[in-house]
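**Student:** Before anything else, here's the structure in question.
The values are calculated or read from the model by the stated rules, or taken from the named source; none is laboratory data. Owing to the predicted nature of the structure, the values given are computational and were not obtained by experimental measurement. Methodologically, a virtual Cβ is constructed for each residue, glycine included, from the backbone with ideal geometry; neighbour enumeration extends over all protein chains shown. Areas reflect the complete protein model, heavy atoms only, side chains present, ligands, DNA and RNA absent. Shrake-Rupley method; radii C 1.70, N 1.55, O 1.52, S 1.80 Å.
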Amino acid sequence: MQKILVTGAAGFIGYHLVRRLCSDGREVLGVDNLNSYYDVSLKDARLAQLKTLPQFTFEQIALEDTEKFSAAVAKFKPDAIVHLAAQAGVRYSLEKPHAYITSNLNGFINVLEGARNNAVKHLVFASSSSVYGANTKLPFSVSDNVDHPISLYAATKKSNELMAHSYAHLYGIPCTGLRFFTVYGSWGRPDMAYFKFTKAIYEGKPIAVFNDGDMRRDFTHIDDIIEGVARLVDIPATSDPNWNSDLPDPATSKAPYRLYNIGNNNPAELMHMIGLLEKEIGIEAKIEKFPMQPGDVQSTYANIDALKNVTGFTPQTTLEKGLREFIGWYRDYYKLGNGPAR
């Protein structure tokens, strides 16, 4: 039975990925520090479900705890690591910058060392669409230069890509980086816009819309994210025989290293998303408009040609269907009817 270590297992994407890997017959060790960046009870509820899976075990460890994490990896001896744990959030990085260095850089070096010291056959790690930063050429391609991040969060994710490449080059560890685009769906993160908007609409509170609502996002349903990740876990990165050091492609390398966008490849206007929430909930949103926030970008749009070429997969979930599924989960989880929260 293939053994896979998943960091951030109690997180949004981690929870769904563990369920998928276990259903596929893998043995999974989940690691998470269960920090309080958002409601820990939601993480606990995810984890309670995962602990019912016979192939799943869990250890509460902070990745920056070198001794504990190293011991956990050595004991489990994973065939592959899927690294999803991180301090997330663009705006929060303006408030708590040191948290991003501790988790996203110090924690990631321990993941890389765990892979190196235990002959891990494939390291898959989460990057972010935020790395495209000041780029304006759409759609965003993994072959584009991304040297102008506009948030510390994005800078740490770009740093992860560089760190992983160095380990792929030095030690031959197959490393695959995944740039996720605006992930949404059931069991999601309460700090994400669609989740915050839903909560505010139910409670009759105003929602904050930035840049006067002139924003577009490549909203990607969690099911499509997981399908892409699950397929790529079984496709270790390899050297690109056509890689040209005179015209280096950032997405590949002579080292066993690859980058992929996982996005819906179909961006939607923010106000359209709000309209769909209003329709599904049956309540009109109270909207307050504000200028663009520092660190935000106006549009995201994923070129997923590399993903399609390697996996044969194209995201299938429409925003209408995905939000309907999320609202159904939200009502059930928070025990709501069709009206405002009680």
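**Student:** So which aspartates and glutamates can LYS289 reach, going by Cα to Cα under 12 Å and dropping same-chain residues fewer than 8 places off?
**Tutor:** Cα-Cα hits under 12 Å: ASP212, ASP214.
**Student:** Can I ask one more? Calculate the spin-label point distance for ASP296 paired with LYS321, positioning each point 7 Å from the Cα along the beta-carbon direction, and give it in nanometres.
**Tutor:** It works out to 3.0 nm between the two label points.
**Student:** Given the protein chains as shown and a 1.4 Å probe, how many square angstrom of PHE290 are accessible, to the nearest 10?
**Tutor:** PHE290 exposes around 80 Å² with every protein chain in place.
**Student:** Could you tell me which residue out of LEU84, ILE101, ALA74 lies farthest along the dipole of the range 74-162 toward its positive end? Charges go on the beta carbon: Lys and Arg +1, Asp and Glu -1, centred on the Cα centre.
**Tutor:** With unit charges placed on the Cβ atoms, the residue in question is ALA74.
**Student:** Another question, then. Considering the values (i) 65; (ii) 47; (iii) 52, which represents percent of Cα pairs over 26 Å apart as calculated for the structure under consideration?
**Tutor:** This structure yields the entry labelled (ii).
**Student:** How much FRET efficiency would the formula 1/(1 + (r/R0)^6) give for ASP234 and LYS77, where r is the Cβ-Cβ distance and R0 is 30 Å, rounded to 0.05?
**Tutor:** Details: r = 18 Å, r/R0 = 0.62.
Efficiency computed from Cβ-Cβ geometry: 0.95.
**Student:** Placing unit charges on C-beta atoms (Lys and Arg positive, Asp and Glu negative, everything else neutral), compute the dipole magnitude of the chain about its Cα centre in debye, rounded to 20. Before the final figure, lay out each step's value.
**Tutor:** Working: 36 positive and 37 negative charges, 124 e Å.
Here the size comes out at about 600 debye.
**Student:** Projected onto the charge dipole of the chain (+1 at Lys/Arg Cβ, -1 at Asp/Glu Cβ, origin at the Cα centre), which of VAL310, HIS122, GLY172 gives the Cα projection farthest towards the positive end?
**Tutor:** Positive-most Cα among the choices belongs to HIS122.
**Student:** Given a 1.4 Å probe and every protein chain left where it sits, what share in percent of the accessible area of the chain is carbon and sulfur?
**Tutor:** Details: 7380 of 14630 Å².
On the chain, the fraction of accessible area on carbon and sulfur atoms equals 50 percent.
**Student:** Compare LYS3, LYS335 by solvent-accessible area with a 1.4 Å probe and give them largest first, with all protein chains kept in place. Mind showing how you got there, number by number?
**Tutor:** Working: LYS3 55, LYS335 160 Å².
Largest accessible area first, the list is LYS335, LYS3.
**Student:** With all protein chains present and a 1.4 Å probe, how do MET271, MET192 order by accessible area, largest first? Write out the running numbers ahead of the final one.
**Tutor:** Values: MET271 70, MET192 40 Å².
Output order, biggest surface exposure first: MET271, MET192.
**Student:** Enter the accessible area per residue of the chain (Å², integer; probe 1.4 Å; all protein chains in place).
**Tutor:** Working: 14630 Å² over 342 residues.
Heavy-atom accessible area per residue stands at 43 Å².
**Student:** Now for a different question. Could you calculate the contour length gain from ASP147 to ASN266, that is, 0.36 nm times the residue separation minus the distance between their Cα atoms, to one decimal place in nm?
**Tutor:** Values: separation 119, 0.36 × 119 = 42.84 nm, distance 2.45 nm.
Length gained, ASP147 through ASN266: 40.4 nm.
**Student:** Compute the long axis of helix 12-23 from its Cα atoms, compare it with the longest principal axis of the Cα atoms of the chain, and write down the angle in degrees, 0 to 90, nearest 10.
**Tutor:** 60 degrees
**Student:** Restricting to Cα pairs below 8 Å that are 6+ residues apart, what does the relative contact order work out to for the range 216-264? Please round to a whole percent. Each step should come with its number before you reach the end.
**Tutor:** Details: 42 pairs, mean separation 21.4, N = 49.
Result for the range 216-264 is 44 percent.
**Student:** Report, in whole Å, the centroid distance computed from the Cα atoms of the range 46-112 and the range 120-178.
**Tutor:** Cα centroid of the range 46-112 versus Cα centroid of the range 120-178: 18 Å apart.
**Student:** With bins 5 Å wide starting at 0, give me the P(r) of the range 38-195 over every alpha carbon pair, in whole percents.
**Tutor:** That works out to 1, 8, 16, 19, 21, 18, 11, 5, 1, 0, in percent per bin.
**Student:** I've got another one for you. Using only the alpha carbons of the range 54-111, determine the length spanned along each of the three principal axes and report them from longest to shortest in whole angstroms.
**Tutor:** 39, 24, 18
**Student:** I've got another one for you. Rounded to whole Hz and in sequence order, give me ³J(HN,Hα) for the range 222-237 from the Karplus expression 6.51 cos²θ - 1.76 cosθ + 1.60, θ = phi - 60°, writing x for Gly and Pro.
**Tutor:** Karplus-based 3J(HN,Hα) across the range 222-237 equals 4, 4, 6, 4, 5, 4, x, 5, 4, 5, 6, 4, 8, 10, x, 4 Hz.
**Student:** Between SER245 and THR66, how many nm apart are label points set 7 Å from Cα along the C-beta direction?
**Tutor:** 3.1 nm
**Student:** Treat each spin label as a single point 7 Å out from the Cα along the C-beta direction, and report the TYR171 to LYS254 distance in nm.
**Tutor:** Distance between the two pseudo-spin positions: 2.2 nm.
**Student:** Using only the alpha-carbon atoms, how far is helix 107-117 inclined from the longest principal axis of the chain? Give it as 0 to 90 degrees, nearest 10.
**Tutor:** 30 degrees
**Student:** Let me ask something else. Using the beta-carbon distance between MET1 and ARG91 and R0 = 51 Å, what value does 1/(1 + (r/R0)^6) give for FRET efficiency, to the nearest 0.05? Don't skip to the answer; put the middle values down first.
**Tutor:** Numbers: r = 41 Å, r/R0 = 0.81.
Working from the Cβ atoms, E equals 0.80.
**Student:** Moving on to the next point. Taking LYS157 as the anchor, which aspartates and glutamates have their alpha carbon closer than 12 Å to its alpha carbon, excluding any fewer than eight residues away along the same chain?
**Tutor:** Partners found: ASP147.
**Student:** Could you tell me what percent of the DSSP beta bridges with both partners in the range 110-269 are antiparallel, to the nearest 5?
**Tutor:** On the way: 2 of 16 bridges.
For the range 110-269, the DSSP antiparallel bridge percentage is about 10.
**Student:** Another question about this same structure. If you rank ARG179, ARG217 by how much accessible surface each has, with a 1.4 Å probe, what is the order from largest down?
**Tutor:** Details: ARG179 0, ARG217 40 Å².
My answer, sorted largest first, is ARG217, ARG179.
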